[in-house]
1. Among (1) of a type in the set (D, E, K, R); (2) open to solvent by 90 Å² or more (accessible area, probe 1.4 Å); (3) at pLDDT below 90, there is one condition residue 64 misses while meeting the rest; what is its number?
2. With the checklist (1) open to solvent by 60 Å² or more (accessible area, probe 1.4 Å); (2) farther than 21 Å from residue 53 by Cα; (3) acidic (Asp, Glu) in hand, flag the one item residue 239 doesn't pass.
3. Just checking, how many residues over the stretch 73-90 are out of contact with any Ser or Thr (no Cβ under 9 Å at 6 or more places or on another chain) and either open to solvent by less than 100 Å² (accessible area, probe 1.4 Å) or in contact (Cβ under 8 Å) with a residue 60 or more places away in the chain (or both)?
4. Show the residue pairs meeting these rules: Cβ distance below 6 Å; 6+ apart or different chains; first residue within the stretch 189-200 and touching a residue at least 24 places away in the same chain (Cβ under 8 Å); second residue among the charged types (D, E, K, R) and not in a loop (DSSP other than H, G, I, E, B).
5. State all residues of the stretch 193-236 that are open to solvent by 80 Å² or more (accessible area, probe 1.4 Å) and not aliphatic (A, V, I, L, M); if no residue qualifies, say none.
6. How many residues are among the acidic types (Asp, Glu) and at pLDDT below 85 if we restrict to the stretch 77-117?
7. What about residue 113, is it surrounded by 13 or more Cβ atoms within 10 Å (Cβ to Cβ) and part of a helix (DSSP H, G or I)?
8. Quick check, is residue 50 modelled with pLDDT under 90, assigned to a helix (DSSP H, G or I), surrounded by fewer than 12 Cβ atoms within 10 Å (Cβ to Cβ) and under 48 Å from the mean Cα position of the chain (by Cα)?
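The values are calculated or read from the model by the stated rules, or taken from the named source; none is laboratory data. Remember, it's a predicted structure, so these values are computed and weren't measured experimentally. Note: ideal-geometry Cβ built from the backbone for every residue, glycine included; neighbour counts use all protein chains shown. Areas reflect the complete protein model, heavy atoms only, side chains present, ligands, DNA and RNA absent. Shrake-Rupley method; radii C 1.70, N 1.55, O 1.52, S 1.80 Å.
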Amino acid sequence: MTILQNGGGGGAGTPLDTRYSECMTVQGTFMMALQNHITKAKEEIKARKEAHTKRQQEDEERKKEMEREIEECAAKEVKMIEQVKRERAEVAELEAHVLSLEKQQANTTETFHRKEEEIEELKKDIFRRKGVLSRDKEVLETHARRTAREAKELQDALGWTIEGVQKDMLLFQFTHIDPVEPEKEFNIVLDVSSRTYRVTSSTPLLGTLPTLLEELNETRQFYVFVRRLRDAFRVQAEEERRYKGGLQA
């Protein structure tokens with residue numbers, strides 16, 4: 001007891017006190033560095049999340065604009081096709097009339113010159129109309145190429161692809177839905193072998209898929225179906241993420 005008291009009563013610190021003080025200093029420095037690292041990591045995660053949200057909003061706006069333009073182009077294309085059909089019907093009628101006039105010419109001499117003039121005028125009209133049809137065809141082909149290009153841009157913006165996997169089977173595949181895992185794939189396989197479409201597989205399983213499929217079979221509007229299908233996958237992914245976050249908390 002005397003030795004312990006004498007050893008603890010000196011003015012200078014013992015080696016044990018010195019090591020303890022150094023340990024506390026090192027520990028304090030480490031904790032401060034760890035806290036700074038955690039703070040910076042949180043700030044970086046927040047910044048990335050905000051940037052992703054902004055980019056996603058911009059993509060959605062661009063997607064809506066492109067869908068509207070494609071729908072307008074599709075409506076114009078339908079009108080143009082109807083016009084081409086009418087022009088072809090008129091050309092067929094004119095050709096039939098020319099044939100009739102030519103037959104009459106062989107049997108009628110007194111009206112020969114008048115009929116001949118009519119035939120020439122009709123031939124000119126046919127030639128003109130065929131030129132119009134040729135121009136319309138070029139316009140349709142140009143429009144088809146532009147529509148295909150716009151569809152490709154829309155697929156890239158949405159992270160959406162569609163391809164045939166086998167006869168009468170279409171694979172609809174989406175990415176950039178889950179901001180935590182942007183490359184994660186969400187897809188369905190649609191059977192179009194009959195007028196009533198069926199979904200043969202869905203990854204992941206989608207609870208609202210029967211309702212979406214019923215709407216597609218009623219309206220036949222594929223663009224609307226694709227948009228709603230993507231939204232449904234996105235909502236389900238958010239709900240699953242919130243549920244997992246609640247379990248971890």
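1. Single failed check for residue 64: (3).
2. Here residue 239 clears every test but (2).
3. Here is the first cut: in the stretch 73-90, the residues out of contact with any Ser or Thr (no Cβ under 9 Å at 6 or more places or on another chain) are 75-76, 78-90.
Those left that are additionally either open to solvent by less than 100 Å² (accessible area, probe 1.4 Å) or in contact (Cβ under 8 Å) with a residue 60 or more places away in the chain (or both): 75-76, 78, 80-84, 87, 89-90.
Residues in the stretch 73-90 being out of contact with any Ser or Thr (no Cβ under 9 Å at 6 or more places or on another chain) and either open to solvent by less than 100 Å² (accessible area, probe 1.4 Å) or in contact (Cβ under 8 Å) with a residue 60 or more places away in the chain (or both): 11 in total.
4. Once the first residue is touching a residue at least 24 places away in the same chain (Cβ under 8 Å) and sits in the stretch 189-200, its partners that are among the charged types (D, E, K, R) and not in a loop (DSSP other than H, G, I, E, B) give 200/191.
5. 195, 196, 198, 210, 214, 218, 221, 223, 228, listed by residue number.
6. Total satisfying the criteria: 4.
7. no
8. No: the conditions fail for residue 50.
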